[in-house]
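I have placed the structure first, in the form of structure tokens, so that the comments after it can refer back to it.
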């Protein structure tokens, strides 16, 4: 098992058909104990219970630094350490550039960008004390090609910001033994668009991809396992695309 006895924190991981929960399942299969963080404590606890008895779910609003610090402390009290953080929490909106309001901008960038910063700040002290850790930031194909999957200009900008933050943290934290990498999923079969982009549309669109199919959440999880494990011990500051060949650069 690649992650035996590792303690992993995954934000935004209670949605049944989501990258976060699928990643939690794959991590558990590889021996990790997982703390699932989400806005609703009961949903987070249920998601953790679905994975197995060795995992925990708790409430955390990633736009609140106090919430993030409290969640990190709770995980440390539960497990004694934090080995992996996956900054997965996010939301999207389909907006054209002239349709993005101030409220839209604040909502999306607060969760996607501020949340990534705050949750990272919450776990870094523990990882520094261990001289070891892996932070994985979930971005998007939209950040690389300026949209084209689902999400407006503000979403593309926020996810691109996540990649800049990833590279900056990787440089700063490498001497502390902390690796920081990004993952940029393409079209994945999730409920992320909350019904605005039905599965039938995704399957039809994916026929034109080089691999000819839509991606599955667990396939993003598999890449996260690699980045969390010793297999990637000399990898930091990079972004791995998971898009079936839709965007090759």
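So which residues in the range 156-178 are over 19 Å from residue 228 (Cβ atoms) and either out of contact with any helix residue (DSSP H, G or I) (no Cβ under 6 Å at 6 or more places or on another chain) or touching a residue at least 24 places away in the same chain (Cβ under 8 Å) (or both), if there are any at all? Quick ask: steps written out before the conclusion?
First, the residues of the range 156-178 that are over 19 Å from residue 228 (Cβ atoms): 156-161, 164, 168, 171-172, 175.
The answer is 157, 158, 159, 161, 164, 168, 171, 172, 175.
If you go through the range 201-249, how many residues are outside any helix (DSSP H, G or I) and either closer than 17 Å to residue 185 by Cβ or at pLDDT below 95 (or both)?
At the first step, the residues of the range 201-249 found to be outside any helix (DSSP H, G or I) are 207-216, 229, 233-249.
Cutting the leftovers down to either closer than 17 Å to residue 185 by Cβ or at pLDDT below 95 (or both) gives us 207-216, 238-249.
Residues that pass the stated criteria total 22.
Yes/no per residue for (1) free of Cβ contacts under 8 Å to residues at least 12 places away in the same chain; (2) part of a loop (DSSP other than H, G, I, E, B):
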position: 45; (1), (2): no, no
position: 66; (1), (2): yes, no
position: 71; (1), (2): no, no
position: 82; (1), (2): no, yes
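Restrict the check to the range 132-140 and report whether at least one residue is in a helix (DSSP H, G or I) and either closer than 27 Å to residue 29 by Cα or more than 17 Å from the chain's Cα centre (by Cα) (or both). If you could, list the steps in order and put the result at the bottom.
The initial filter retains those residues of the range 132-140 that are in a helix (DSSP H, G or I), namely none.
For the range 132-140, residues in a helix (DSSP H, G or I) and either closer than 27 Å to residue 29 by Cα or more than 17 Å from the chain's Cα centre (by Cα) (or both): absent.
Looking for something at pLDDT 90 or above and surrounded by fewer than 13 Cβ atoms within 10 Å (Cβ to Cβ) - is there at least one such residue anywhere in the range 158-171? Please lay out each step first, then the result.
At the first step, the residues of the range 158-171 found to be at pLDDT 90 or above are 158-171.
Checking the rest, the ones that are also surrounded by fewer than 13 Cβ atoms within 10 Å (Cβ to Cβ) come to 168, 171.
Taking every residue of the range 158-171 in turn, at least one turns out to be at pLDDT 90 or above and surrounded by fewer than 13 Cβ atoms within 10 Å (Cβ to Cβ).
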Check your understanding: Identify, please: which residue in the range 27-38 is more than 19 Å from residue 69 (Cβ to Cβ) and surrounded by 24 or more Cβ atoms within 10 Å (Cβ to Cβ) and is, among those, farthest from the chain's Cα centre (by Cα)?
Key -> 32
Practice item. Report, by residue number, each residue of the range 47-64 that is in a helix (DSSP H, G or I) and crowded, with 24+ Cβ neighbours inside 10 Å. Key: 47, 48
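This table checks each residue for (1) touching a strand residue (DSSP E or B) at 6+ places or on another chain (Cβ under 9 Å); (2) without any contact (Cβ under 8 Å) to a residue 40 or more places away in the chain; (3) surrounded by 22 or more Cβ atoms within 10 Å (Cβ to Cβ).
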residue	(1), (2), (3)
114	no, no, no
121	no, no, no
126	yes, no, no
129	no, yes, no
135	yes, no, yes
144	yes, no, no
147	no, yes, no
154	no, no, yes
Exercise for review: Inspect all residues belonging to the range 84-99 and state whether any of them is crowded, with 18+ Cβ neighbours inside 10 Å, at pLDDT 95 or above and assigned to a helix (DSSP H, G or I).
Suggested key: no
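When the residues of the range 100-112 are narrowed to those that are touching a residue at least 40 places away in the same chain (Cβ under 8 Å) and assigned to a helix (DSSP H, G or I), which ends up nearest to residue 238 (Cα to Cα)?
To start, the set of residues in the range 100-112 that are touching a residue at least 40 places away in the same chain (Cβ under 8 Å) comprises 100, 104-105, 108-112.
From what's left, assigned to a helix (DSSP H, G or I): 104-105, 108-112.
Working: 104: 29, 105: 27, 108: 24, 109: 22, 110: 23, 111: 22, 112: 19 Å.
The qualifying residue nearest to residue 238 (Cα to Cα) is 112.
The values are calculated or read from the model by the stated rules, or taken from the named source; none is laboratory data. Every value quoted in this text rests on a predicted model; they were computed, and no experiment measured them. Cβ coordinates were reconstructed from backbone atoms using ideal geometry, including for glycine residues, and neighbour counts include every protein chain displayed.
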